[in-house]
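Peer 1: Dropping the structure in here first, questions after.
The values are calculated or read from the model by the stated rules, or taken from the named source; none is laboratory data. Keep in mind that what you see is a predicted model, and the values were worked out from it rather than measured. Here the Cβ positions follow ideal geometry from the backbone for every residue, glycine too, while neighbour counts run over all protein chains shown. Surface areas here come from the heavy atoms of the whole protein model, side chains and all, with no ligands, DNA or RNA. Shrake-Rupley method; radii C 1.70, N 1.55, O 1.52, S 1.80 Å.
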Amino acid sequence: MAMQTDRVDHELIRAAAHVAATRCRGDNHTMAAAARARDGRIITAVNAYHFTGGPCAELVLIGTAAAQGVYELDAIVAVGDRDRGVVPPCGRCRQVLLDYFPALEVIVATTDGPRTIPVSDLLPESYIWADHQLDTDEITPLGPS
C-alpha cells in the first residue's frame, strides 16, 4: 500500500491546472504537468501527443527543467485538460520519474482528494535502472596486458 502524506502542494496543482486550461488545445496537447524544483521554482510543460507515441507532459517537463538548469525536483503533478483534474502518471512516466528522481513525491487524486505519494511507492518491487549500471572503474580490459 502506498504511503500517503498530508503535504499536498496546492500551488503546484493550480499551476498545472492553469497550463492545462490555457495551453492545451485540441488533440496535440491534452495534459499539463507542474513540478517543484529543489530551489522552489515551478516548472511547467504540456504533452506532445502523436499517434506514434509522443512524450507525456511529465517527460516533457524533465527536459524543460534541464533546459532551465534544474536537475533536482521535489514534487510533480499532472492535470488533464477540459477540467479532468489530477491524473496519475502512466507506467512509463512512473519508471522514468523513479530513475531520474528517486526521492520525488507525486501528487495523485484519491477519493478523499489529492495526496502526495513517493514515486517509489507507485512502482513497488521496481527495476531501478541506476542499480544495474556497471561502474566503469570496475571494468577490466580483455586481452593481453
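Peer 1: Can you match mean projected area of the Cα convex hull in nm² to one of these, (1) 11.9; (2) 8.2; (3) 9.1, based on a calculation from the structure here?
Peer 2: After the calculation, the listed value that fits is (1).
Peer 1: Does region 1-62 come out rounded, prolate or oblate, given a ≥ b ≥ c as the square roots of the eigenvalues of its C-alpha gyration tensor, rounded meaning a/c under 1.5 and, failing that, prolate meaning a/b above b/c? Walk me through the intermediate numbers first.
Peer 2: Details: a/c = 2.02, a/b = 1.63, b/c = 1.24.
The shape class here is prolate.
Peer 1: Follow-up. Any idea what the relative contact order of the chain is, in percent, if you count C-alpha pairs under 8 Å spaced at least 6 apart?
Peer 2: Details: 267 pairs, mean separation 33.2, N = 145.
It rounds to 23 percent for the chain.
Peer 1: Rounded to the nearest 500, what is the chain's calculated 222 nm mean residue ellipticity when only DSSP H runs of at least 4 contribute -39500 (n - 2.57) each, over all residues? Kindly include the intermediate steps, with their values, before the conclusion.
Peer 2: Details: 4 runs with 39 residues, N = 145.
After summing the helix terms and dividing by the residues of the chain, the value is -8000 deg cm²/dmol.
Peer 1: Roughly how tilted is helix 57-67, in degrees to the nearest 10 and between 0 and 90, from the longest Cα axis of the chain?
Peer 2: Relative to the chain, helix 57-67 is tipped by roughly 60 degrees.
Peer 1: Specify the angular offset, from 0 to 90 degrees and rounded to the nearest 10, of the alpha carbon long axis of helix 91-100 from the longest principal axis of the alpha carbons in the chain.
Peer 2: So the helix axis and the longest Cα principal axis differ by about 60 degrees.
Peer 1: Could you tell me how many degrees, from 0 to 90 and to the nearest 10, lie between the Cα long axis of helix 10-23 and the main elongation axis, the longest principal axis, of the Cα atoms of the chain?
Peer 2: 80
Peer 1: Here's a follow-up. If you stretched the chain out fully between Asp131 and Glu11, how much longer would it get, using 0.36 nm times the residue separation minus the C-alpha to C-alpha distance?
Peer 2: On the way: separation 120, 0.36 × 120 = 43.20 nm, distance 3.36 nm.
Answer, rounded to one decimal: 39.8 nm.
Peer 1: Here's another thing I want to ask about it. Among Thr22, Leu98, Ala37, flag the residue with its Cα farthest along the positive direction of the charge dipole of the chain, charges on Cβ as +1 for Lys/Arg and -1 for Asp/Glu.
Peer 2: Of the listed residues, the answer is Thr22.
Peer 1: Suppose all protein chains stay in the model; what accessible area per residue would a 1.4 Å probe give for region 1-116, in Å²? Walk me through the numbers on the way to the answer.
Peer 2: Values: 6270 Å² over 116 residues.
Per residue, region 1-116 has an accessible area of 54 Å².
Peer 1: Here is a follow-up. Could you tell me which of Ile76, Tyr49, Leu59 has its Cα farthest along the dipole of region 1-131 towards the positive end, charges placed at Cβ (Lys, Arg +1; Asp, Glu -1), taken about the Cα centre?
Peer 2: Of the options given, the answer is Tyr49.
Peer 1: Sticking with this structure for a sec: Simple spin-label model, 7 Å along Cα-to-Cβ: Asp121 to Arg82 in nm?
Peer 2: Once both label points are built, they end up 3.1 nm from each other.
Peer 1: Gain in length, Cys90 to Asp27, computed as 0.36 nm per residue apart minus the alpha-carbon separation, to one decimal in nm?
Peer 2: Numbers: separation 63, 0.36 × 63 = 22.68 nm, distance 1.79 nm.
The Cys90-Asp27 span can extend by a further 20.9 nm.
Peer 1: In addition: Can you sort Phe51, Phe101 by solvent-accessible area, 1.4 Å probe, largest first? Provide the component values of the computation, followed by the final result.
Peer 2: Working: Phe51 165, Phe101 20 Å².
Order by accessible area, largest first: Phe51, Phe101.
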